[in-house]
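Comments concern the structure below.
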Amino acid sequence: MKAFFACCCLFFAALLAPLPALAQEMGLVANRYIVVYRGGLPAEAQQQVARAGGRLMHAHPLFGLAVVESGDQQFVQRMQMQPRVAYVVHDRMVSGYQLKSIQAIQPPAQGMKPAGIILKPTPLPVKPFPLPITGLPIEASGSDADFYYAQTPQAWAVKQVGGYGANINGGTTHGPWDLTMGKGVRIAVLDSGVDAAHPDIAPNLVLNMTEVDQTALPSACDNGSPQDQQGHGTWAASLAAGAVGAGTGMVIGVAPQASILNIKVLQRMPGAGSSQSAQCAAGQASGLLSWVIQGIEDAVNQKADVISLSLGVMVDLYTGEGTGLQASFDAVTQAAAANGVVIVAAAGNDGFDYSNTRYMEIPAQSRDVLAVVASTNPDCRENLAVNAACAAGPPTLAYYSNYGAPMNAVAAPGGSFPEGPDGSWSGFVRGACSASGCFNLGNVQYVQAYGTSASAPLVAGVAALLKSVHPEWDAATLAAQIRATATPSSGMSYGVVNAAAALGMQ
């Protein structure tokens, strides 16, 4: 079957003040708050919270934050009277943003590999997590290994940013992989989890954990385990560090020997439908902002070198909650970068111009973050006409991508229309998907999709290659080198990330 999904960056439903439907601050979680302190988390934070009528759930001394629960209507006012409290903001939902519906499913051309290998879902353990997922990886046959990279043009996104070399079949003979494939570098993917048994993920998976707390946000469509039951996280992880070689899967990531740290911060939540199975099939990956903060802290503690974030929030800085969110994420990302972590974040899929400085995208515009907008396939230039065919042209900014000079962004492939049939030219981005749930396609191993959610992990892979060759470089130096060596395009004002140039090979 042909597995297409118009995918996405993930976004926080929050503070879109000009839009009446969202001006009610949709997504705020009742009775859960993030408290931002001045000068670090005080030793007496727990006692202060208790006196104000709350309960401290998680302390984050690294970031100077605390996550708190309280049903007391006076809690916020009492906390804001504390001398070291800078902001008290609501915890909030994180939700998946779907750009387009699934495209028509067609049989593959004769002799062509199918886009998705249908698998039975692997039963998941029901013990408390974090624990590893049981079961063995599903290995592709020797003829199938790296098929989409070696025998089709559908690995265009990985190759465009520098995933080639070392005589790997299907790519340019020599390139960044001559120097490194990212071995020894740790990429934390904060997303909907990964399929731990996927043949493109399992060889590189070294940490498999979850921040999902179903007592705070229950879901009948997810068991809260590290396993990806929605597909988005597996897709992103495979673009950053999908494994290479015999016994692996059908795609290759930009840094195919880097280690993957799976830190699940989103779970599959029910969508529309007349039955639970229909609701789960239509569900999107969602979670809590506090889980994302916890995930970044765990990535730092687990010695991640790179964090890939295909999620974000548009914040109205004219509101108290907006400035509080800005302050909280600045504290988080600045501390992570100070600990040597390169933070890569998707710019988002709203098509919004951030030259309007009333608004900002978090975490893409947070301190020390490398923001990434989505570019298109130069061999299949963007064409939104129905049934358009691929034609060559310079890469352009994808129609859905956020943009604007204040983002200080680089570009990387996110893809766009026209889509292509299995195994041929396409504007979409091919990646792995989850055998426990691939968007609303069922249990599918591979998928074509598009969105800035592809752009961020591709750049995370480039950062891993660069870190492998320059382990002494700090996060700021690595990010500056990626920005400085991005390849200009006549089709847009952003340079496309180029690992070969960043490594001094061009």
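Structural remarks
- Order of exposure, largest accessible area first, which applies to 368, 144, 228 with probe 1.4 Å: 368, 144, 228
- For Rg/Rh (Cα atoms, Kirkwood Rh), the value calculated from this model appears in [x] 1.00; [y] 1.07; [z] 0.96 under label [z].
- The value of relative contact order for the stretch 345-453, using C-alpha pairs under 8 Å at least six residues apart, is 28 percent.
- Rounded Å value of the spacing that divides the Cα centres of the stretch 143-177 and the stretch 283-309: 29
- Modelled FRET efficiency - R0 25 Å, residue 174 with residue 490, Cβ distances, 0.05 increments: 0.45
- Label-point separation, residue 72 to residue 30 (7 Å along Cα→Cβ), nm: 1.9
- The residues of the chain expose, per residue, 35 Å² of accessible area to a 1.4 Å probe.
- Each of the peptides 282-289, 204-211, 251-258 was scored by the mean count of other Cβ atoms within 10 Å over its residues; in descending order, highest first, they stand as 251-258, 282-289, 204-211.
- Using a probe radius of 1.4 angstrom, the carbon and sulfur fraction of the accessible surface of the chain is 53%.
- Backbone N within the stretch 355-386 under 16 Å of label point (7 Å from residue 317 Cα along the Cβ vector): 355-369
- Rounded to whole Hz, the Karplus (6.51, -1.76, 1.60) HN-Hα couplings of the stretch 250-258, x for glycine and proline: 9, 10, 10, x, 5, 10, x, 10, 6
- Amide H to amide H distances under 5 Å link residue 487 with 496, 497, 498, where only residues 5 or more positions off or on other chains count and H is placed in the peptide plane.
- For the chain, the relative contact order works out to 19 percent when only alpha carbon pairs closer than 8 Å and six or more residues apart are counted.
- For residue 307, the residues whose amide H sits under 5 Å from its own are 188, 342, 343, 344, ignoring neighbours fewer than 5 places away on the same chain, with H placed 1.01 Å from N.
- Per-pair calculated FRET efficiency, R0 = 41 Å: residue 279 and residue 469 via Cβ, rounded to 0.05: 0.30
- Principal-axis analysis of the Cα atoms of the chain puts helix 289-301 at an angle of about 70° to the longest axis.
- Each peptide among 437-443, 394-400 gets the average number of other Cβ atoms lying within 10 Å of its residues, and from highest to lowest they stand as 437-443, 394-400.
- Computed per residue of the chain from DSSP H runs no shorter than four, each worth -39500 (n - 2.57), the mean residue ellipticity at 222 nm is -6000 deg cm²/dmol.
The values are calculated or read from the model by the stated rules, or taken from the named source; none is laboratory data. Note that the structure is a prediction, hence the values are computed from the model and not measured. With ideal geometry, Cβ positions are generated from the backbone for all residues, glycine too; neighbour counts draw on all protein chains shown. These accessible areas exclude ligands, DNA and RNA; they are computed on the full protein's heavy atoms, side chains included. Shrake-Rupley method; radii C 1.70, N 1.55, O 1.52, S 1.80 Å.
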